[in-house]
Amino acid sequence: MLEVKTIAVNPKNTSQDCSNCGEKVDKELNIRTHSCPHCGIVIDRDWNAAINIKNRAVGPRRL
C-alpha cells in the first residue's frame, strides 16, 4: 500500500514568486498568467503556484 505524507508549507507569495528564477512578480488577482520579466517564463498562474508549493515541500527536481 502507498503511504501518503502531508507536508505543510507557507503559501505566501506562491503565485507571485517565479517558479523558474525565484524573483517576485507582483500581479493582481485577475491576472491569470505568470509572465516573468526577469527570466522570460510564461505559464499559468496556478501552475506556477503549484510548482512553488511542491518545491517548498520537497525541494526542486534535480536532473
Next item on the list: Have a look at T33, S19, I43 and report the one farthest towards the positive end of the charge dipole of the chain, computed about the Cα centre with Cβ charges (Lys/Arg +1, Asp/Glu -1).
Entry: S19
Item checked: Cα-based helix-to-principal-axis angle, 45-58 vs the chain, degrees rounded to 10 -> 40 degrees
Next item on the list: With runs of 4+ DSSP H residues as the only contributors, calculate the mean residue ellipticity of the chain at 222 nm using -39,500 (n - 2.57) per run, divided by the residue total and rounded to the nearest 500.
Entry: -7000 deg cm²/dmol
Check: How much FRET efficiency would the formula 1/(1 + (r/R0)^6) give for N30 and M1, where r is the Cβ-Cβ distance and R0 is 35 Å, rounded to 0.05?
Finding: 0.20
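Readers should treat all values here as calculations from the given coordinates under stated rules, not as data from a laboratory. Note that the structure is a prediction, hence the values are computed from the model and not measured. FYI the Cβ positions are ideal-geometry reconstructions off the backbone, even for glycines, and counts take in every protein chain you see.
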